[in-house]
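Visitor: Starting off with a structure, shown below.
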Amino acid sequence: STFSPVAQSTTIKLLLSLAASKRMHLRQADISTAFLYGDLPEEEVVYMECPPGIAHKPGQVMKLRRCLYGLKQASRRFFEKLKSILEKAGYHPTKSDPCLYRRVHRGKETLIAVVVDDLIIASDSSLGAKRVIKKLRSAGLDTKDLGFPEFVIGLHVKRHTNGDISLNQRLYIETILHRFEMQDCIPSPTPANP
């Protein structure tokens, strides 16, 4: 299988809603060169031509043990590796979305939404989110802590001083207006329904 699941947009919005209502700590993490971490199982044989600079005989090829960018199954294999790491650390996928992981430890809840190589982490404690990132790094994944998630799947996320969270798609709307050369258009009020 080459399909790799990602968290649904409704799941991410629900996660942000829970984080706001429960005053959870939010962090975003990015896993660099994610698709290179996927292991190829023995039964999945993939060969490639030798790249320039590698000494080889004419017609000789290389058997891959790990994934490369451009390989159809790279995203799936990375997801399987990430899933394995998270499950060993005590995080379990929810029934409603296989890309939303949950762990309750000593009464503190941590939720992780996986969107390819980006993670949105909500935790009851500030250490809970940092612990996830530390666990991924100790498993060998080059994981960057991006702090509070300002942009998630095209949504601009803002946390207000009272703890509320608001979402907007201003950047997306501006991009569409520029694409159709309508950035200088004059707004018009919405007509009333008859």
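The values are calculated or read from the model by the stated rules, or taken from the named source; none is laboratory data. The shown structure was predicted, so the numbers you read here are calculated from the model rather than taken from an experiment. We place every Cβ from the backbone using ideal geometry, glycine too, and count neighbours over all the protein chains shown. Each accessible area value is taken on the protein alone, full model and side chains, heavy atoms only, with ligands, DNA and RNA left out. Shrake-Rupley method; radii C 1.70, N 1.55, O 1.52, S 1.80 Å.
Visitor: Pick from R27, R23: which is assigned to a loop (DSSP other than H, G, I, E, B), among the charged types (D, E, K, R) and under 30 Å from N162 (Cα atoms)?
Guide: One residue alone meets the criteria, R23.
Visitor: Another question about this same structure. Looking at the range 107-131 only, could you name the residues that are assigned to a loop (DSSP other than H, G, I, E, B) and within 20 Å of K81 (Cα to Cα)?
Guide: V116, D117, listed by residue number.
Visitor: Within the range 61-100, take every residue that is open to solvent by 90 Å² or more (accessible area, probe 1.4 Å) and either assigned to a loop (DSSP other than H, G, I, E, B) or at pLDDT below 90 (or both) and give me the one that is nearest to R137 (Cα to Cα).
Guide: My answer is R66.
Visitor: Then there's this: Residues in the range 124-153 that are closer than 13 Å to M24 by Cβ, more than 16 Å from the chain's Cα centre (by Cα) and not charged (D, E, K, R): how many?
Guide: Within the range 124-153, residues that are closer than 13 Å to M24 by Cβ, more than 16 Å from the chain's Cα centre (by Cα) and not charged (D, E, K, R) number 4.
Visitor: Of everything in the range 145-181 that's β-branched (V, I, T) and open to solvent by 90 Å² or more (accessible area, probe 1.4 Å), which residue is nearest to R106 (Cα to Cα)?
Guide: Out of the qualifying residues, it is T161.
Visitor: For the list (1) among the acidic types (D, E); (2) open to solvent by 70 Å² or more (accessible area, probe 1.4 Å); (3) modelled with pLDDT under 95, I need the number of the one condition that D142 fails.
Guide: Of the numbered conditions (1) among the acidic types (D, E); (2) open to solvent by 70 Å² or more (accessible area, probe 1.4 Å); (3) modelled with pLDDT under 95, the odd one out for D142 is (3).
Visitor: Would you be able to tell me the number of residues in the range 8-27 that are open to solvent by 20 Å² or more (accessible area, probe 1.4 Å) and either over 17 Å from R102 (Cβ atoms) or aromatic (F, W, Y) (or both)?
Guide: The number of residues fulfilling the criteria is 2.
Visitor: Which numbered condition in (1) modelled with pLDDT under 95; (2) touching a Cys at 6+ places or on another chain (Cβ under 9 Å) is the only one that L127 fails?
Guide: (2)
Visitor: So is H178 over 30 Å from F78 (Cα atoms) and at pLDDT 90 or above or not?
Guide: Yes; evaluated as a whole, the condition is true for this residue.
Visitor: Consider A122 carefully, then state whether it is within 23 Å of K88 (Cβ to Cβ) and in contact (Cβ under 8 Å) with a residue 60 or more places away in the chain.
Guide: Taking the combined requirement at face value, the residue satisfies it.
Visitor: Another one. Please enumerate the residues belonging to the range 43-53 that are part of a loop (DSSP other than H, G, I, E, B) and in contact with a strand residue (DSSP E or B) (Cβ under 8 Å, 6 or more places away or on another chain).
Guide: Across the range 43-53, the qualifying residues are V45, V46, C50.
Visitor: So, one more: Of the residues in the range 101-137, how many are of a type in the set (G, A, S) and buried (at least 18 other Cβ atoms within 10 Å of the Cβ)?
Guide: Qualifying residue count, the range 101-137: 5.
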